[in-house]
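Enquirer: Take this structure first; my questions come after.
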Amino acid sequence: MTSTKRISRPIRRNRGAAAVALAAATALLAGCNSSDSKGDDPLSDSKASGDGVVVGSNNFAESVLLGDIYGEALKAKGIKVSYKPNIGSRETTYGLLKNGSISVLPEYNGALLAYLDPKATPRTVAATTSAIEAKLDSKLTLLQPSPAQDKDSVTLNAATAKKYNLTDKSSIADLKDIAKDLVIGASPEFQTRQQGLVGLKDVYGLEFKSFKALDAGGPLTKAALKKNTVQAADIFTTDATISKEKHVVLQDPKNLFGFENVQPLVYKSALPQKGADALNAVSAKLDTATLLDLGAQVQLQGKDPLDVAKAWLKSAGLD
């Protein structure tokens, strides 16, 4: 789900998927609202309020949804919450966390580690967390990882998979002889990341015909893959459009995309212990099947992510 994890779809207050791209652009320029909190400029460097928690999210739908889940779980414990959704890529949000402009961010442990230490190759979730903590800024900390994973992938459209006789049992390595004929699409950052073109070349020996800079698993990437503008793309593995469009996600036997457990990243001094406990309780209940279902409600059914977040927290006994 990084790793580019993860671009641009602020879905707030009964907006369907058709409004997503426009809303994203608006959000980046003017900020946007979630719940009853004031919508601040997501790129402002104002410090988090001393009596409240600022929940941020990267600029893709699942991150926004997870941010809403975190924020509403904190509110249920009486904590004042405001939101800065759809901020941008990790390169931006990590800096805002370090300076205290945001307090909590949904992260993906493998993608975060790849950003902090591209050479790290942990073998377990616990080792991934330990490796991250060794590189984290001292003002930040990780809370408990959830079982839910959303990984980056190399995904082919149905026509391309059929043309080369590839299935969901096939491997990224099976592209070695045909990558030269394929255009791959992803976020701009994918071009220079280890969990991207760099790693695909180093680990699997792939050199594609060309790279098309789009967004991180968002509407631009999915539209290009559907239209065959690109034949391969970085689509996140909990994206409901994979099954809808009959795309084929290739196996990653060399574990280039690593572990991608959803895990809260926190500015230590901004979150009280009851807040940390609330977010750890969320992590304990959130698994991959749940994340896929919640994402489908937002992406395919056009539900507002805040409403989806509230409904799930209630069903999980966390409201």
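The values are calculated or read from the model by the stated rules, or taken from the named source; none is laboratory data. Keep in mind that this is a model prediction, so the values were computed, not measured. All Cβ positions, even for glycine, are placed from backbone atoms using ideal geometry, and neighbour counts span all protein chains on display. Heavy atoms of the whole protein, side chains included, go into the accessibility calculation; ligands, DNA and RNA do not. Shrake-Rupley method; radii C 1.70, N 1.55, O 1.52, S 1.80 Å.
Enquirer: Quick check on this structure: which one of ASP181, ASP137, ASP177, ASP150 is out of contact with any strand residue (DSSP E or B) (no Cβ under 8 Å at 6 or more places or on another chain), among the acidic types (Asp, Glu) and closer than 30 Å to PRO219 by Cβ?
Expert: On the way: ASP137 fails: closer than 30 Å to PRO219 by Cβ; ASP177 fails: closer than 30 Å to PRO219 by Cβ; ASP150 fails: out of contact with any strand residue (DSSP E or B) (no Cβ under 8 Å at 6 or more places or on another chain).
Answer to the selection: ASP181.
Enquirer: Still on this structure, please answer the following. Can you name every residue in the stretch 80-109 that is assigned to a helix (DSSP H, G or I), open to solvent by 10 Å² or more (accessible area, probe 1.4 Å) and either in contact with a strand residue (DSSP E or B) (Cβ under 9 Å, 6 or more places away or on another chain) or within 20 Å of GLU260 (Cα to Cα) (or both)? Break it down stepwise before answering.
Expert: Keep residues of the stretch 80-109 that are assigned to a helix (DSSP H, G or I), which gives 90-98, 109.
Right, trim to open to solvent by 10 Å² or more (accessible area, probe 1.4 Å) and you get 91-92, 94-96, 98.
Selection gives GLU91, THR92, TYR94, LEU96, LYS98.
Enquirer: For the stretch 185-221, which residues satisfy the criterion of being in a helix (DSSP H, G or I), more than 21 Å from the chain's Cα centre (by Cα) and not β-branched (Val, Ile, Thr)? First the steps, then the outcome.
Expert: Quick first cut of the stretch 185-221, residues in a helix (DSSP H, G or I) only: 188-191, 194-204, 219-221.
Subset that is more than 21 Å from the chain's Cα centre (by Cα): 201-204.
Within the stretch 185-221, LYS201, ASP202, TYR204 qualify.
Enquirer: Now for a separate question. Take PRO118 and decide whether it is within 16 Å of GLY196 (Cβ to Cβ) and modelled with pLDDT under 95.
Expert: On the way: within 16 Å of GLY196 (Cβ to Cβ): yes; modelled with pLDDT under 95: yes.
Answer is yes for this residue.
Conditions (1) of a type in the set (Lys, Arg); (2) more than 20 Å from the chain's Cα centre (by Cα); (3) crowded, with 23+ Cβ neighbours inside 10 Å, marked per residue:
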| position | (1), (2), (3) |
| --- | --- |
| ALA223 | no, no, no |
| PHE236 | no, no, yes |
| LYS246 | yes, yes, no |
| GLN263 | no, no, yes |
| LYS274 | yes, yes, no |
| ALA284 | no, no, no |
| LEU292 | no, no, no |
| GLY295 | no, no, yes |
| ALA311 | no, yes, no |
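Enquirer: Now for a different question. Could you grab me the full set of residues in the stretch 110-132 that are in a helix (DSSP H, G or I) and among the small types (Gly, Ala, Ser)?
Expert: First, pick out the residues of the stretch 110-132 that are in a helix (DSSP H, G or I): 110-116, 125-132.
Passing the criteria: GLY110, ALA111, ALA114, ALA126, ALA127, SER130, ALA131.
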